[in-house]
Structure formats: structure tokens, C-alpha cells
Number of protein chains: 2
Amino acid sequence: MSEVRIIDLKANVLEDNDKKAEMLRSRLKENKTFLLNLMSSPGSGKTTTLTQLIKLLKNEYRIAVMEADIDSDVDTKRIIEAGADAIQLHTGGMCHLDADMTEQGLNSVNFKDYDLVILENVGNLVCPAEFDTGASKNAMILSIPEGDDKPLKYPLMFQISDLVIINKIDVAPYFDFDMDKAEKNIHARHPEIDIIPICAKTGEGVEKLADWIRTELSSVSK
Amino acid sequence: MSEVRIIDLKANVLEDNDKKAEMLRSRLKENKTFLLNLMSSPGSGKTTTLTQLIKLLKNEYRIAVMEADIDSDVDTKRIIEAGADAIQLHTGGMCHLDADMTEQGLNSVNFKDYDLVILENVGNLVCPAEFDTGASKNAMILSIPEGDDKPLKYPLMFQISDLVIINKIDVAPYFDFDMDKAEKNIHARHPEIDIIPICAKTGEGVEKLADWIRTELSSVSK
């Protein structure tokens, strides 16, 4: 895939989303494809994190990325340049993806051809947390400039995530971000959650993130 | 008001929101109260900006702040400490406020007693842009760490805002944020929009923001 493909998604509000999500998760498992749902605020570094991760993993796994956005295709171009296949999903103004929309994207990307599919969800800490996409696991990024109080304000996002990536640790000296306080706030919402601090810009810590992915994929490898 | 009052809002999905918003705007005008709707991503500095602004304006105007959040009341406490009256609005999981919810908040705060009421909307660049709250004017914050490409990804937010505050200019040297590119992207979405760069942490540029407010209020002063 060398040019950007754009898929316009349609929301199916009538269907029971949780049931649809469970069915999709089973379908992914049968096909030994791991789907990671990556969420965060706008501008916390999802795409940069993915480009670094793709560099480390592209020779081990077949990787595709589904870039969900209200508009634009700037992120998809960056992912393709980093060496993975990617499609752009346009949500038609919706601030999240539900399981049906995710399945439309997976079908468009021919997910059975991949070991790892990553859904870069719409930049938003509220809506994406409210809809189970059917992903194998949920990860979120909290960036240093956003502050260590975000788990207090957006509790559901932290509760439904399996991993919190703390990004932009290189600029920590310039912000009032207390890492211990952040970890305490995160664990108060979700005691078993994994936390990996990184700097996506320089690549620092991304090897640990790659290891987290490798561990998850070892349980579903083809 | 010395303790935090929390109002649980109820969404009224049946009513015509645009009509309700226009009615609310007229009601505010009649009472000579200016309502500013302040929006942004999570962690872009809404509350810090407001605390600096309140310091500059509290001796000139009677100010109240309505702090909308999914959960928590940490921001309301900070506003009260800065010297303004404030109430906490809980949105019950909703990622935005509509005109009816805004009016519930305004009635709770007795808006007729104030010259300036500021609604600190839920941290989100998608949903709040889709619902007219009935505010006199809309302002949004874009912080440097979020990146200069946000107007491309969240077009509606920039289209419906009257003012973009570019915050965290003190950390600009540590991020790949091109101010000229940002302004070009913003003006491509909304040619007449005002842009004010500030550093809410140090107060740099906040005097210009206070002047913007003064100009707006001079047209509705009591």
C-alpha cells in the first residue's frame, strides 16, 4: 500500500455493542490477529509512538495500522513512511469507534494477513473509553504536559486500559508533573495496569513497549 | 462560596439545542452577563489560564466560573483559591454540555449577579464543538505540546471558536511546534479568528487575554 486509503465509517447505534465486541474479539483470536486499541488526548504522541514501535517490530511481525480521525490523513502518511501498512478511517464526526466501526476497518484492511493490527483511536479521553471496540487489549498514552491529575478527571479511560504509556518524559523538567503522584493516581483507578514511561521523539523506553507487545503476541502467534 | 458545590447535570436530548442556545444568549444579553465558553484538550491549561485571568480581572468585574468535568472537583478548588466564585458541574459521563445543561449551571450559579461567567467545558476537542452552549463567545486553548497540526484534525473546534489561546509558549524550544504554521492552519479553518499566545504558568501574554475580555465586556457592561 503506497497511497492513503480512506474508509468512511458508519455508526450502528442499534446493535448491542458489547455483544458485537465479544464476537469480534473471538474472530480475531481464531485468526491469530492481535488488535491493540491505542487511545489518548489529541497531541499526546500516538502516531510518533507508533512510528518508533513499527521500526522495532516490522521485521518480526506483519503490522497494519488503522488511523481513525474526524478528518485529515496526515497520520496515515507518517505510518506508511515508517514501514507498516495503514488505512485511514473517517468517523464522520463521531468522537469514538464502536465494535461495528472497528470491524468495518478490519475488513477493509484484510486483518487476517497481519499478526498485529493497531487501531489509533480518535484523540479523546472520554468517548473512546465508553465503547468496547472488540480489541484484544487497550492501551492509552498520557503525556507529561497533560499533567499527573488526568486519572482523577478521566477515570473510565484508565479503568478500561491494560497499559498506560507515559510519553514525553524528555520534557519532564519543564512541567510540574510528579511521576510518583501520576502512578499513584493511575493505580488508584486500576491497580493491575502496566505503566511504561517513554520518549517517542527519541525512542527512549520504546524497546520496553515493544517487549510488552511481544509478550502479548506470543500468546496468539500464527 | 467557600466550599465546592457540585451540580449533577441532566442532558435533554429531545429539545432543539440551537433554538435553546439562541434563547439563552438573549437571556444573558438582557441581564448584561457575558458568558465565555472555554474549550480545549485535556491538560492544555484551561484552569491555570483562568486563575491568571481572574487575578487580573477580579477587581474590575464580578466573576463566576462553572467547571464542567466527568468527575472530580480539583479545578473548582483552584478557581475559588484564585478569588472567583465557582461551581462544579458533573456531566454524568457526557463529553460536552448543551444549551440546556449550560442553563442549569447558570441558574445554579445565579448568573445575574455576575458580569462575567466562564464555562470551563469538558477537556475534549470533538464533542464540545458540536453543541452550541448559548455562550456569548467561544474560546479555545491549543497548547504547544499538542502540535501545530491540530486545526487539520479537529476543524470544527477552530471553526466555531472566536479566539484561540496558544498556551505553554515557554516550552516551545523543546517541541517541534511551528508558530507560523499553526497560525496558517488556524486561519485556513477560520480566517477572522483572534489568536493570543500566552504562558499561563508565568502569566506572560495573559494581559492581552484580559484586554480581549475587557473589549467584549465593554459592549454588555452593566
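Since every read-out is calculated from the coordinates, none of them should be taken as a lab result. Remember, predicted model here, so these are calculated numbers, not experimental data. When we count neighbours, we look across all protein chains shown, and the Cβ atoms used for this are built from the backbone with ideal geometry, even at glycine.
When chain B is treated as a GNM, springs tying every alpha-carbon pair under 10 Å, which of B:93, B:203, B:83 comes out with the largest mean-square fluctuation? Among B:93, B:203, B:83, the largest mean-square fluctuation in the Gaussian network model of chain B belongs to B:93. For the stretch B:77-143, the share of alpha carbon pairs falling in successive 5 Å distance bins from zero is 3, 14, 27, 26, 20, 9, 1 percent. Once the Cα-Cα distance is subtracted from the 0.36 nm per residue extended length, the residue A:56 to residue A:220 segment shows a gain of 57.1 nm.
Looking at the square roots a ≥ b ≥ c of the eigenvalues of the Cα gyration tensor of the stretch B:88-207, which shape do they give, rounded for a/c under 1.5, prolate if a/b is larger than b/c, or oblate? The shape class here is prolate. If you take all other residues with their beta carbon under 11 Å from the beta carbon of residue A:219, and give Lys and Arg +1 and Asp and Glu -1, the sum is +3. A simple count of charges around residue B:159, restricted to other residues whose Cβ falls under 12 Å of its Cβ and scoring Lys, Arg +1 and Asp, Glu -1, yields -3. Shielding value for B:137-146 is 3, the average number of Cβ atoms from other chains within 10 Å of each residue's Cβ.
For residue B:211 and residue A:208, what is the calculated FRET efficiency with R₀ set at 41 Å and r taken between the beta-carbons, to the nearest 0.05? Approximately 0.30, to the nearest 0.05.
Evaluated on the protein assembly as shown, the Kirkwood hydrodynamic radius is 22.4 Å, with distances taken between all distinct Cα atoms.
Absence of a disulfide-compatible partner, taken as no other cysteine beta carbon within less than 4.7 angstrom, is noted in chain B for B:199.
Taking a Cβ cut-off of under 13 Å around residue B:95, the surrounding Lys, Arg, Asp and Glu residues balance to a net charge of -4, with basic ones at +1 and acidic ones at -1.
Axis between B and A by rotation; chain B residue with nearest Cβ and distance in whole Å recorded as B:145, 2. For chain A, adding -39500 (n - 2.57) for each run of n ≥ 4 DSSP H residues and dividing by the number of residues yields -10500 deg cm²/dmol at 222 nm. Extension gain for residue B:170 to residue B:137 (0.36 nm times residue separation, less C-alpha to C-alpha distance): 9.2 nm.
Could you give the size of the charge dipole of the stretch B:72-222 about its Cα centre, using +1 on the Cβ of each K and R and -1 on the Cβ of each D and E, expressed in debye and rounded to the nearest 20? Dipole about the Cα centre, nearest 20: 60 debye.
Position residue B:56: other-copy label points at 4.3 nm, ordered by increasing distance, label point 7 Å along Cα→C-beta.
Between the exposed loop cleavage positions of chain A, defined as GluC sites (Glu not before Pro) in a non-H, G, I, E, B DSSP state with at most 15 neighbouring beta-carbon atoms within 10 angstrom, the longest gap is A:61-191.
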